[in-house]
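Structure, as structure tokens:
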Amino acid sequence: MYNTRLTPMDLKDKSFFLRTFGCQMNESDSEKIAGILTAAGGREAERVEDADIIIVNTCAVREKSEEKLYSYLGRIRPRLDARPVLVGVAGCVAQAESANLVARRPFIDFVVGPDNYLRLPEIIERCGERTIIADEWSNDWREAPDLLFRRRSPATAAVSIMEGCDNFCSYCIVPFSRGREKFRPLRHIRAELAELAARGYQEIQFLGQNVNSYRDPETGTPFAALLFEAGHMPGLKWVRFLTSHPKTFSAAIIEAMTSSPVICRQVHLPLQSGSTSVLARMNRGYSREEYLAKITLLQERIPGISLSTDIIVGFPGETEEEFGETLSALEAVRFANIFSFRYSPRPRTSAAKGPDDVPFDIKRRRLIEVQALQKRIQSAIHESLIGTTMAVLGEGPSRKDPAMFSGRNESYQVVNFRAPTDVRGRFVRVKISGSGPYSLRGDLVED
Ligand code: SAH
Ligand code: SF4
Ligand code: F3S
């Protein structure tokens, strides 16, 4: 039987440092790992130099993501000779590569897949003399009801509702790194939402590889009903969710979104390619027309909806004509934001069994074209917002100019503004006075 009780162990006086790569789910998992290790008596170090235990939380989605692990390990390697430090690898590379990782980098002390984080205190206690590999799959959700995440933001909380994926898109390693879909019992989600609202969190982001396939494992309650409920919970100001799969994005979800102003008018809906033939080879389960019809429905039912997407260029066999259909889909939808990638063959996926036959230079040129088109679209969308006033949730100092503050609006656009006080975690009103392709600028307005 898997023990989900947290028992304080001998991590007293031990400090740990977490380095996180990858998606929001990894960010959230690192907050969970930090919570687990803190509950076991450990202390989070701010700098890697001060840590007794270094854990790298990894992403395997593209070759470049995986390389980040190896270059990070290369950078910390010299430190390991200076004093005893335990090195652990967590996340998607840990799960997908497990023992191979230790064969490649023998100084790794433990490898822990996403289903095994609750065992971390015990793993850390046992390892040192021998390497521990914890890569067992779990078929159902593992919950530690008394676990407090160490959340990085005072205002925005990610809440995982499901994990894993059954879709097997032909290019994607996630089903091999996160396993099959498993759903978190609704009563645990409810309890967490109530606690977050009581602690003053303003914004909730539901997380999962495919949130819209969520079903409460105990009652069968679907995602649309969970969304409706969150939209009517006292205390929460904004509710978002990520990622949705176009194949199962239903009218019921759209109706739930219209039921409450708390549910942000914003959806991330990965298109991947605008070509029906490429989508079929990707095993995405929808055509260009079906995707565009869902977008039209969303735009009709939720005026002002902000849409974002993921795009892959240079998928095997992608012709110039097929690529052109991705460009025309971007023009048709006018996404507020896109994440675009060159196709990268991943181990065990079905696409990687065939040739990676679009030459690198063509992939590169297509990515540049996609990004240049999107830059034009985004610049125009941002410019049209000049003069409007909007609610912004303050996040922290702007990355480019520390004299400015940065936050996000309901559409999830970045808004920079000057603020006389620290508005981190607070809602403010900002009048937009300027814009660029990737952010908006404005001035605080008194209510
Ligand atoms: N669950 C999400 C996506 C998770 S991975 C969904 O279904 O859309 C995030 C993004 O990485 C994907 O949407 C895809 O655009 C990109 N990606 C995944 N595998 C890739 C690969 N082998 N090469 C390039 N990009 C990839
Ligand atoms: Fe990967 Fe497809 Fe699953 Fe998304 S839906 S995680 S792209 S297999
Ligand atoms: Fe990467 Fe795993 Fe997320 S492969 S994108 S960290 S689910």
Partnerless cysteines, meaning none of the other Cys C-beta atoms lie under 4.7 Å away, in the chain: Cys23, Cys59, Cys92, Cys127, Cys165, Cys264
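As a test of the formula, what do you get for the chain when each DSSP H run with n ≥ 4 contributes -39,500 (n - 2.57) and the sum is divided by the residue count, at 222 nm and rounded to the nearest 500 deg cm²/dmol? The partial results should precede the final answer.
Working: 13 runs with 148 residues, N = 447.
Result for the chain: -10000 deg cm²/dmol, rounded to the nearest 500.
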Translational D in µm²/s for segment 221-343 (Stokes-Einstein at 20 °C, 1.002 mPa s, Kirkwood Rh from C-alpha pairs): 141
Built amide H within the under 5 Å cut-off of Gln266, gap 5+: Ser306
Segment 389-444, relative contact order [Cα under 8 Å, separation at least 6], %: 35
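Compute, for segment 306-447, the length of the dipole vector about the Cα centre, with Cβ point charges of +1 (Lys, Arg) and -1 (Asp, Glu) only. Units Debye, rounded to 20. Intermediate results must be reported in sequence, preceding the final value.
Working: 20 positive and 19 negative charges, 105 e Å.
Using Cβ point charges on Lys, Arg, Asp and Glu, segment 306-447 gives about 500 debye.
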Binned Cα-Cα distances of the chain, short to long, each 20 Å bin given as a whole percent: 23, 57, 20, 0
Carbon and sulfur %, accessible surface of segment 1-107 computed with the full protein complex present, 1.4 Å: 49
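In square nanometres, what is the average projected area of the Cα convex hull of segment 15-134? Kindly include the intermediate steps, with their values, before the conclusion.
Working: hull surface 26.3 nm².
Over every viewing direction, the Cα hull of segment 15-134 projects on average to 6.6 nm².
Measure up Lys32/Lys64; Lys64/Lys182; Lys375/Lys400 against 20 Å on the Cα-Cα distance and list the ones that go over. Each step should come with its number before you reach the end.
Numbers: Lys32/Lys64 25 Å; Lys64/Lys182 28 Å; Lys375/Lys400 18 Å.
From the list (Lys32/Lys64; Lys64/Lys182; Lys375/Lys400), the Cα-Cα distance tops 20 Å for Lys32/Lys64; Lys64/Lys182.
Counting other Cβ atoms within 10 Å, keep those with at most 13, restrict to DSSP loop, and tell me which trypsin sites (Lys or Arg not before Pro) in segment 16-52 are left.
Values: sites: Arg19, Lys32, Arg43, Arg47; in loops: Arg47.
Listed in order of number, the matching sites are Arg47.
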Per-selection metrics, segment 146-383 (Cα): Rg and Dmax in Å: 18.7, 54
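Express the accessible area of segment 307-406 per residue in Å², computed with a 1.4 Å probe while the remaining protein chains stay in the model.
Using a 1.4 Å probe on heavy atoms only, each residue of segment 307-406 averages 49 Å².
Restrict the search to segment 147-208; then list the trypsin sites (Lys or Arg not before Pro) that DSSP places in a loop and that have at most 16 other Cβ atoms within 10 Å of their Cβ. Spell out each step's value before the answer.
Values: sites: Arg150, Arg151, Arg152, Arg178, Arg180, Lys182, Arg187, Arg190, Arg199; in loops: Arg150, Arg151, Arg152, Arg178, Arg180, Arg199.
Those that pass, being in a loop and sparsely packed, are Arg150, Arg152, Arg180, Arg199.
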Radius of gyration, Dmax [segment 389-444; alpha carbons; angstrom]: 9.6, 27
Residue-level accessible surface for Phe168, protein heavy atoms, 1.4 Å, Å²: 80
HN-Hα J in Hz across segment 427-444 - Karplus 6.51, -1.76, 1.60, θ = phi - 60°, x for Gly and Pro: 7, 10, 10, 10, 9, 6, 10, x, 7, x, x, 10, 7, 10, 10, x, 10, 4
Sequence-distant residues sharing a close amide H with Phe206 (under 5 Å, placed H): Val159, Arg240, Phe241, Leu242
Between segment 260-322 and segment 36-66, the alpha-carbon center distance in angstrom: 34
Residues of type aspartates and glutamates that Lys363 reaches as a straight line, Cα spacing below 16 Å, ignoring anything fewer than 8 places off in the same chain: Glu63, Asp310, Glu318, Glu320, Glu321, Glu322, Glu325
Amide H contacts under 5 Å for Gly396, placed H, 5+ residues apart: Ser406
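For segment 311-393, what is the Kirkwood estimate of the hydrodynamic radius, computed as the reciprocal of the mean inverse distance between distinct Cα atoms, to one decimal in Å? Working shown, then result.
On the way: mean 1/r = 0.0688 Å⁻¹.
About 14.5 Å for segment 311-393.
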From phi via Karplus (6.51, -1.76, 1.60), per-residue ³J(HN,Hα) for segment 300-314 in Hz, x at Gly/Pro: 6, 7, 10, x, x, 4, 9, 10, 9, 8, 10, 10, 10, 10, x
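The values are calculated or read from the model by the stated rules, or taken from the named source; none is laboratory data. Source: prediction; values computed, not measured. Glycine also receives a Cβ, built like all others from the backbone with ideal geometry; neighbour counts cover every protein chain displayed. Accessible surface is based on the protein model in full, side chains and every heavy atom, while ligands, DNA and RNA are left aside. Shrake-Rupley method; radii C 1.70, N 1.55, O 1.52, S 1.80 Å.
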